[in-house]
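The values are calculated or read from the model by the stated rules, or taken from the named source; none is laboratory data. If you're wondering where the values come from, they're calculated on a predicted model, not measured in any experiment. We place every Cβ from the backbone using ideal geometry, glycine too, and count neighbours over all the protein chains shown.
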Amino acid sequence: MGTSWPVVEIMSEEAVLARFAGEWDEASHQQVLRLAQWLQRQPLPGQVEVVPALVSLAVYVDAWKVDVISVAAALRERLPLVPYVPLSAPKTVDIPVCYGGDDGPDLAEVAAYHGLAEEAVVHLHSSAHYTVRMIGFAPGFPYLGGMPPRLATPRRATPRVQVPAGSVAIGGSLTGIYPFPSPGGWHVIGRTPLRLFTPTANPPAWLQAGDHVRFVPISADDFASLAGRGD
């Protein structure tokens, strides 16, 4: 018997999960964003954090204050109304990127894989309008949908031990930005001098699920100037 979506599952004594589909689709993701915004405006009892993903949303609670079973029941009561929750206008962010060279060591490989000039890859990548699908893998790492299908590229056969902070990379049909130095297997085609994650900020991640992103090509000199200002 098939699953009737959405469903609520208890993940642990401190978390419940609302799942809107078994795999990615735009309609289900919109439901995730609607529920996330609703819970941020009207939290559930004991709610500590809301974490939206591609087709699901986790609610973390204070287990000392509430019973997770009652939280799951309260979440189930909200689900029928989710389609009617208005979505706030998305934030649009321009992100400067220095493509190629030391900042984009895989640009030539991506271009060769698709039979394109490097300049064509940069044009296609920076001309698209992206949406933050979710934050994951590492704190502040945005998974960006909306990349031209022509640029979809398999992950590297051998992941790098460390990818520099701000690296803009392609993994499959998505683009992402590494918020701080970390291992990574995506193809790095550029780098931004902007800081995407600040632990002391509220929220610490600059980009949030649902935000719109545009990449703006800059020169190496522009990168150095922006980085020098600590942006």
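Residues in the stretch 163-200 that are within 14 Å of C98 (Cβ to Cβ), part of a strand (DSSP E or B) and of a type in the set (V, I, T): V168, I177, V188, I189. Restricting the first member to the stretch 117-132 and to residues that are under 16 Å from E26 (Cβ atoms) and in the same structural domain as Q208 (by TED's automatic domain parsing), and the second to residues that are buried (at least 21 other Cβ atoms within 10 Å of the Cβ) and of a type in the set (S, T, N, Q), the beta-carbon pairs closer than 7 Å and six or more apart or on different chains are Y130/T175. When each of A165, A120 is tested for being more than 18 Å from T192 (Cβ to Cβ) and among the small types (G, A, S), the lone residue that passes is A120. Please work out if L33 is touching a residue at least 60 places away in the same chain (Cβ under 8 Å), within 26 Å of P142 (Cα to Cα) and touching a Leu at 6+ places or on another chain (Cβ under 9 Å). So L33 passes the test. Do the conditions hold for V48, that is, is it among the aliphatic types (A, V, I, L, M) and touching a helix residue (DSSP H, G or I) at 6+ places or on another chain (Cβ under 7 Å)? No. The set of residues from the stretch 22-33 being closer than 18 Å to P90 by Cα and either buried (at least 19 other Cβ atoms within 10 Å of the Cβ) or of a type outside the set (D, E, K, R) (or both) comprises A27, S28, H29, Q30, Q31, V32, L33. State all residues of the stretch 201-231 that are assigned to a loop (DSSP other than H, G, I, E, B), over 15 Å from the mean Cα position of the chain (by Cα) and touching a residue at least 40 places away in the same chain (Cβ under 8 Å); if no residue qualifies, say none. Correct list: I218, S219. Taking the stretch 132-152, which residues are touching a helix residue (DSSP H, G or I) at 6+ places or on another chain (Cβ under 6 Å) and either part of a loop (DSSP other than H, G, I, E, B) or buried (at least 23 other Cβ atoms within 10 Å of the Cβ) (or both)? Answer for the stretch 132-152, where residues must be touching a helix residue (DSSP H, G or I) at 6+ places or on another chain (Cβ under 6 Å) and either part of a loop (DSSP other than H, G, I, E, B) or buried (at least 23 other Cβ atoms within 10 Å of the Cβ) (or both): just P148. Note on the stretch 34-122: enclosed strands (runs of 3 or more DSSP E) holding 1 or more residues that are in contact with a His (Cβ under 9 Å, 6 or more places away or on another chain) and buried (at least 19 other Cβ atoms within 10 Å of the Cβ) are 47-52, 92-99. Take the conditions in a loop (DSSP other than H, G, I, E, B) and in contact with a Gly (Cβ under 6 Å, 6 or more places away or on another chain) and apply them to R155. Does it pass? In short, yes.
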